[in-house]
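The values are calculated or read from the model by the stated rules, or taken from the named source; none is laboratory data. Keep in mind it's a predicted model, so treat the numbers as computed, not measured. Don't worry about glycine lacking a Cβ; one is built from the backbone with ideal geometry, like all the others, and counts go over all protein chains shown. The area values use the complete protein model at the heavy-atom level, side chains included, leaving out ligands, DNA and RNA. Shrake-Rupley method; radii C 1.70, N 1.55, O 1.52, S 1.80 Å.
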Amino acid sequence: MQRDREDPKAWLETTFRRIMCGFSFRDPEAIEITTGKPVSAERRAAMQREVDRYLDPEIYVRALTRMGIQVLHHHAKNHGGVSCYATKVGHRFSLMGERDFFGELVTACRKAGIVPGAMYQVGMDRVHAAQHPEWLQMDATGKRCTFTLCPNNREWRSIVMAQTEEIAHYDIGSLVFDELLLDWHNIGTACYCPHCRRLFQQEVGDDIPEQEDWDNPLWSKFVLWRYEKLAEFIEEADAIRKRVNPDIALTSIYKAFPINDWKDGWDADRTAPLFDFLLGDVGGASRVGFRARWYRALSRHRPELACDFEFLVGSYTHYHYVDKGIPKPRDMCLADVMTALANGATPAFESVGWSNHRFWDKRKATMCAPVFDEIYREATREIERREPWLVHTDRLRHAMLLHSRRTRDFRYHSGSGVEPYKESFWGWHSALLNGQVLYDMGTEARLNAEDLPGYSVLVLANAACLSDEQAEAIRQYVRAGGGLVASFCPSLFDETGKERADFALADVLGVSYQDGADTDYILRKENPAQRDQYFLSVDEKHKFFDGVLVPGQRMTCPAPMARVTPRADARPLGRITIYRHEGGPFEGGNDAISGRGRPEPTDNPVLVTNRFGKGRSVYLAGKFAASYRVHAHPLLHKVMLRAVRWAGGRPTVEVDAPPSVEVNAYDQPAEGRRIVHLVNYQAVPMRAVLTGREPMAERILPVHGLMVTARVPRGRKVRKVYLAPDKKRLKWTQETGSRIRITVPEVHIHGMVVVEYA
């Protein structure tokens, strides 16, 4: 790859074959420091022989060139705290002698046309943890973490910054921070070390609260203070990078993730702008698309997703190592890679399997077991075949799914007594993803007059906490013609979690809130004494429900639900019917099904449509998305998708496909193309799922007979339609206006429907 002298960061948008490599050589001095036990002369000699044989940058470069890799992120300092470059402040790899292996590798990569990058472990450093246990993070009781160091400790921080400056002098394209953590060993508690306590006292003027209490203003200050401290750490490192070598792209293994909570210490809107691009770990069929959409919403340049090909399972599916050196199924590896590409991201292979040096061979240009070598090479070949349709594209937008960090933190957090906010957000993601809706995720910073008009519809997944300014931005967006779909208690609280008397968006939604919403209608699992059943009943025919529900039909309502009163111009389309439990003790039956229940119609609406200015809104009183996340009920899914369609209108691209197919669409203006990505990511049959974990997809089955409807840009004429990368011609017919309907006979894992126009 030719180096772009005019734009040193151009590779961020134009490279799609990347890999992350750790430094896996054993260091006898580091072992002695961390264990307190001497390393025998025989063992030290064996380690030295391994280094003399394999610590050769030519092995790396030949293997990477053979695989077609364009970018290498390599450890400058690993999790053990061992630096493989000529550091003067950190622990230098003791068997390297006077060599500077990382420097040699950077030079060799540049010579081969590969962009070299440095990875630096911030929080996890076993050497310094053993030497300075007082730098470790600790919980409120004073118990120290095993080896995670606190970034608020100035002594440790000075070492990190000094090494950042050392590394920035190398001719690298990127600097990647990893394990930048403010939660105690990433297990769910904040750091309460003396350094954090002292700093909080100095800056806030009070002691750190030790109990999670969201009614205590000091607790909220503590949460926000942690967000700011981590951002300040990044700003300090970034200032060094800009001073020493501004051509370096700064990033981190990004921890600000929407389904995490406050403990991670990352505020996405505060930290994402500090990086040139975002890099994230992924795993699991749903998590790849989820993370890709999240990172692309935040990243200034094309985000990067680390795709691990090793066989991993665990409580966080695919994250815990079981059989190192055993690859995941081939189809699943390719599906991960293609999902990243389709979402506008770049996959980066995580080469944990490269740590076994017996597979390193300069002559054969290999660094891993043959089974991994085969998968890596196939993946890079498939990526390269698709690159002509990946560069210089503009994503087509239809819906924005808002993530409200304030709602997650200040209202529906894990200890709120109501289903956490993340269930609603994840549920809406699943519904939109499975319904082939073109959508992006968005953060609170995008609720403005510049970003919102780029979308046809905004989805508020129970965004309970909104500021007056954010509510006004949404109001103006809908008034100008935008669509709005909102559920449960949107805008009922301000940005600090303080309750309002009514929804701030009551006029837009066409409903007013009635007090007591959190406790009126409760699922059995939240209140075992409650035996009544709640249903959405449709009383009249309306085109909203065409093909979904008919008058007289009912659908189970997800609870809890908000009790609201429709405004004069709004139109309730469904109300709650309660089936009261009658008779003796509940024995597992369902009164509404068995006929023993007594139906009791109510005036409480479940679904309300409204017109506001030039726009339209749909309000859903229940936690539809949280219920869909758990049950994936088809009727529930249809109602949610119909709400998006009713409020947002017809999108530029529509796809009729099974829920396993994910859709993304782009324009490639310079080539006169409209490109629709279809990724088929099926898991194993449901009959095999015995736990709540996502199963491995041993084999992905092709899907057949997909229909794609696309609008051709105004004034353009279709030249040809084909399925890339094989360029198979597709049959299409002209619909009314500028839309065409395309038949796609089969998609296995990934295909791109390409409409070329003149």
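Within the range 100-143, the set of residues being touching a Pro at 6+ places or on another chain (Cβ under 6 Å) and surrounded by fewer than 22 Cβ atoms within 10 Å (Cβ to Cβ) comprises 104, 108.
If I filter the range 660-680 for residues that are more than 22 Å from the chain's Cα centre (by Cα), modelled with pLDDT of 95 or more, crowded, with 23+ Cβ neighbours inside 10 Å and not aromatic (Phe, Trp, Tyr), do I get at least one hit? Yes, because at least one residue in the range 660-680 is more than 22 Å from the chain's Cα centre (by Cα), modelled with pLDDT of 95 or more, crowded, with 23+ Cβ neighbours inside 10 Å and not aromatic (Phe, Trp, Tyr).
As a summary of the residue check, residue 256 satisfies the conditions (1) over 23 Å from residue 294 (Cβ atoms); (2) part of a loop (DSSP other than H, G, I, E, B); (3) of a type in the set (A, V, I, L, M) except for the one numbered (1).
Only one of the numbered conditions (1) surrounded by 16 or more Cβ atoms within 10 Å (Cβ to Cβ); (2) over 19 Å from residue 269 (Cα atoms) is violated by residue 253, and that is (2). Of all residues in the range 163-192, those satisfying the criterion of being open to solvent by less than 40 Å² (accessible area, probe 1.4 Å), modelled with pLDDT under 95 and of a type outside the set (S, T, N, Q) are 178, 179, 180, 181, 182, 183, 184, 188, 190, 191, 192. Based on this model, can you work out whether residue 450 counts as more than 26 Å from the chain's Cα centre (by Cα) and open to solvent by 40 Å² or more (accessible area, probe 1.4 Å)? Taking the combined requirement at face value, the residue does not satisfy it. On the basis of being assigned to a helix (DSSP H, G or I), of a type in the set (D, E, K, R) and over 23 Å from the mean Cα position of the chain (by Cα), does residue 469 make the cut? Considered against the rule, which asks whether it is assigned to a helix (DSSP H, G or I), of a type in the set (D, E, K, R) and over 23 Å from the mean Cα position of the chain (by Cα), residue 469 comes out as yes.
Does the range 442-449 contain any residue that is touching a Phe, Trp or Tyr at 6+ places or on another chain (Cβ under 7 Å) and either assigned to a loop (DSSP other than H, G, I, E, B) or modelled with pLDDT of 95 or more (or both)? For the range 442-449, residues touching a Phe, Trp or Tyr at 6+ places or on another chain (Cβ under 7 Å) and either assigned to a loop (DSSP other than H, G, I, E, B) or modelled with pLDDT of 95 or more (or both): absent.
Based on this model, can you work out whether residue 231 counts as under 30 Å from residue 499 (Cβ atoms), open to solvent by less than 60 Å² (accessible area, probe 1.4 Å), modelled with pLDDT of 95 or more and hydrophobic (A, V, I, L, M, F, W, C)? The answer is yes for residue 231.
Residue selection: residue 486 fails the criterion of being at pLDDT 95 or above, surrounded by fewer than 22 Cβ atoms within 10 Å (Cβ to Cβ) and among the hydrophobic types (A, V, I, L, M, F, W, C). Exactly one residue out of 49, 18 is buried (at least 20 other Cβ atoms within 10 Å of the Cβ) and among the basic types (Lys, Arg), and it is 18. Looking at 358, 363, just one residue is in a helix (DSSP H, G or I), at pLDDT below 90, farther than 27 Å from residue 681 by Cα and out of contact with any strand residue (DSSP E or B) (no Cβ under 7 Å at 6 or more places or on another chain), and that residue is 358. Can you tell me which of 558, 551 is part of a loop (DSSP other than H, G, I, E, B), modelled with pLDDT of 70 or more and not hydrophobic (A, V, I, L, M, F, W, C)? Just a single option satisfies the conditions, and that option is 551. Filtered by the rule that a residue be open to solvent by 20 Å² or more (accessible area, probe 1.4 Å) and more than 34 Å from the chain's Cα centre (by Cα), the range 360-377 gives 361, 362, 363, 364.
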